[in-house]
Amino acid sequence: IFIIAYLLYVRCQFIFSFSIDLDGLEYYFVRIIQEMHQGKPMYENPLQFPYSINLYSPVYFYVFSSLVYLLKLNIYNDLHQILVVGRILSFFIVVIQLLILVKLTKKFTSSNFIAIITITLYILLISGHIYAVRPDALKTLFFVLFINYLTEYLFFSNKTKDAVMCICAAVLAVYTKQDIAVYTSLIFLIALIFSPTKKT
């Protein structure tokens, strides 16, 4: 528990850093949010000036842009402000992931020790991208939800609701950052290999 608290405390300290790139081109994502608030399209023609291209799916940008709008942030004259809010958003999403992981672990064991070890290893293994102004935290949240609902549907219930939520989480994950399609596809394939039933 001390290790978990310490790791999260260290990440909290980074939130207020004046660095414009703690991990993974944070300034790139801030620029896209700024352009969205100027009324520019999220996906511009890369063959025309300024020859920029957005390589990412749109969900994170809409979520972050909405938060910026609601908080009425000065995103042009105070770059630090938007970085802090984006990092807090990512940190909050990581905390939600941890709660879902505890819930998922509790489905298979009643041991609090195993739940604590799971959380500790998760925090140690995730990259700094997860805590930055990037879509990775939100993408991973949807992926963890996908795993949770898939597990619930295949092993603990036969409810259509869980199957639908599983698919919705997978789709939202892909529309947050498209590389997650590889992982969701692998999980579906593994489920089919180990449980080749009509239900799967």
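The values are calculated or read from the model by the stated rules, or taken from the named source; none is laboratory data. All of these numbers come straight from a predicted model, not from anything done at the bench. As a convention, Cβ positions derive from the backbone with ideal geometry for all residues, glycine included, and neighbour counts pool all protein chains shown. All accessible areas refer to the heavy atoms of the entire protein, side chains included, with ligands and DNA or RNA removed. Shrake-Rupley method; radii C 1.70, N 1.55, O 1.52, S 1.80 Å.
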Relative contact order of region 1-150, please, whole-number percent, based on alpha carbon pairs below 8 angstrom and at least 6 residues apart.
31 percent
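So for each of 130-140, 43-53, 17-27, 86-96 I average, over its residues, the number of other beta carbons within 10 Å; can you give me the resulting order with the highest mean first?
Values: 130-140: 25.3, 43-53: 10.1, 17-27: 14.5, 86-96: 18.3.
My ranking of the peptides, most packed first, is 130-140, 86-96, 17-27, 43-53.
At a Förster radius of 35 Å, what calculated FRET efficiency corresponds to the Cβ-Cβ distance of M42 and S110, to the nearest 0.05? List each step's numbers first, then the result.
Values: r = 46 Å, r/R0 = 1.31.
Efficiency for this residue pair is about 0.15.
Ignoring ligands, DNA and RNA, what percent of the 1.4 Å accessible area of the chain is carbon and sulfur?
Numbers: 8020 of 11440 Å².
Percent of accessible area from carbon and sulfur atoms in the chain: 70.
With an 8 Å Cα cut-off and a minimum separation of 6 or more residues, compute the relative contact order for region 106-186 in percent.
27 percent
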Explain nothing, just compute: Karplus ³J(HN,Hα) = 6.51 cos²θ - 1.76 cosθ + 1.60, θ = phi - 60°, for every residue of region 141-155 in order, whole Hz, x for Gly and Pro.
4, 5, 5, 5, 5, 4, 4, 4, 6, 5, 4, 4, 5, 6, 10
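Determine the calculated [θ] at 222 nm for the chain from helices alone, applying -39500 (n - 2.57) to every DSSP H run no shorter than 4 residues and normalising by the residue count; nearest 500 deg cm²/dmol. Walk me through the intermediate numbers first.
Numbers: 8 runs with 127 residues, N = 200.
Estimated from H runs of four or more residues: -21000 deg cm²/dmol.
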Roughly how many Å² is the accessible area per residue of region 12-139, as a whole number, for a 1.4 Å probe?
54 Å²
Cross-link reach from K161 to aspartates and glutamates, straight Cα distance under 15 Å and at least 8 residues apart if same chain, gives E152
Using a 7 Å offset from the Cα along the Cα-to-Cβ direction at both I167 and I117, what is the distance between the two label points in nm, to one decimal?
3.7 nm
Yeah, the chain with a ≥ b ≥ c from its alpha-carbon gyration tensor (a/c under 1.5 is rounded, else prolate when a/b outruns b/c, oblate otherwise) is oblate
Treating cross-link reach as a plain straight distance, find the lysines whose alpha-carbon is under 29 Å from the alpha-carbon of K72, omitting any fewer than eight places away in the same chain.
K40, K139, K177
